[in-house]
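The values are calculated or read from the model by the stated rules, or taken from the named source; none is laboratory data. These numbers were taken from a predicted model, which means no experiment stands behind them. Counting neighbours? That spans all protein chains shown, and the Cβs are built from the backbone with ideal geometry, glycine included. Only protein heavy atoms, including side chains, enter the accessible area calculation; ligands, DNA and RNA are left aside. Shrake-Rupley method; radii C 1.70, N 1.55, O 1.52, S 1.80 Å.
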Amino acid sequence: MKLFITGIGTEVGKTVCSAVLVQYFKAEYWKPVQSGDLHDTDRHKIEAWTDHPVCYPETYRLQLAASPHQSARAENLHIDLDRFQLPDTDQPLIVEGAGGLMVPLSDNRFIIDLIEVLNLPAALVIRNYLGCINHSLLSIMALQQRNIKLDYLILNGEFPEDTERVICSFIEKGTEIIRIPEIETPDREHIRAAAKQLTITKL
């Protein structure tokens, strides 16, 4: 099992959800691009929040906390999709993207292109906020247009029934729903508890 974790936007909880999935599947972890916070990267968080994880180094570590294409440009770098190579492992692997599907890696390459290059199925993290239905359906449509398999729809936190119904009715047969409870304070104890409570539903 290898899976690319993306989201409907920034700050929807991709890293927390990645930690829960690393714990649940006993998976390894890789973040291809880290922009900013190099003293406390998402890889550091996964290492701190999960039990004995194997975490692979980022292909690009960029100083500026901004969109990867901007961060790379600030260092006179160009993010080259050909440089990305999946870690050589037979173990389950969680790959975490940056922001949403259309976050630019360069002026004409985006996270969705990286998913294609890596040839991975996707898991889409959704969090409830005003506008999340629009962002969710647009993201699902983008994946469908690229023929990227959506293995999991991840509902992060609590959702109104009306919101959940519309989003879930839009996905194709074969996509499973993962519900992750609200985690206000991410740490190893809470990630363990969330992994134990995690539910996967087939439509």
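Tell me, please, whether a residue that is in a helix (DSSP H, G or I) and either basic (Lys, Arg) or modelled with pLDDT of 95 or more (or both) can be found in segment 149-160. Give the steps one after another, and end with the answer.
Step one: of segment 149-160, the residues in a helix (DSSP H, G or I) are none.
There is no residue in segment 149-160 that is in a helix (DSSP H, G or I) and either basic (Lys, Arg) or modelled with pLDDT of 95 or more (or both).
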Subject >> Residue in segment 83-103 that is farthest from residue 36 (Cα to Cα), counting only those that are open to solvent by 30 Å² or more (accessible area, probe 1.4 Å) and either of a type in the set (Asp, Glu) or assigned to a strand (DSSP E or B) (or both) >> reply: 90
**OP:** Pull up segment 112-158, narrow it to residues that are open to solvent by 30 Å² or more (accessible area, probe 1.4 Å) and of a type in the set (A, V, I, L, M, F, W, C), then point me to the one that is farthest from residue 11 (Cα to Cα).
**Re:** 117
Original post:
Out of all the residues in segment 160-203, which are open to solvent by 30 Å² or more (accessible area, probe 1.4 Å) and among the hydrophobic types (A, V, I, L, M, F, W, C)?
Top reply: 166, 170, 193, 200, 203
Subject >> Complete set of residues in segment 47-58 that are open to solvent by 10 Å² or more (accessible area, probe 1.4 Å) and over 16 Å from residue 71 (Cβ atoms) >> reply: 47, 48, 49, 51, 52, 53, 54, 55, 56, 57
**OP:** Give the residue that is modelled with the lowest pLDDT, with candidates limited to residues of segment 1-20 that are closer than 19 Å to residue 184 by Cβ and either open to solvent by less than 10 Å² (accessible area, probe 1.4 Å) or aromatic (Phe, Trp, Tyr) (or both).
**Re:** 12
Subject >> The one condition in (1) under 24 Å from residue 188 (Cα atoms); (2) surrounded by fewer than 20 Cβ atoms within 10 Å (Cβ to Cβ); (3) in contact with a helix residue (DSSP H, G or I) (Cβ under 7 Å, 6 or more places away or on another chain) that residue 44 fails to fulfil >> reply: (3)
Subject >> Residue in segment 21-41 that is most open to solvent (accessible area, probe 1.4 Å), counting only those that are polar (S, T, N, Q) and more than 12 Å from residue 97 (Cα to Cα) >> reply: 23
**OP:** Filter segment 2-43 for residues that are among the β-branched types (Val, Ile, Thr) and either part of a strand (DSSP E or B) or touching a Pro at 6+ places or on another chain (Cβ under 6 Å) (or both) and give the result.
**Re:** 5, 6, 16, 22, 33
Original post:
residue 53 versus (1) outside any helix (DSSP H, G or I); (2) modelled with pLDDT of 95 or more; (3) under 23 Å from residue 151 (Cα atoms): which is the lone unmet condition?
Top reply: (2)
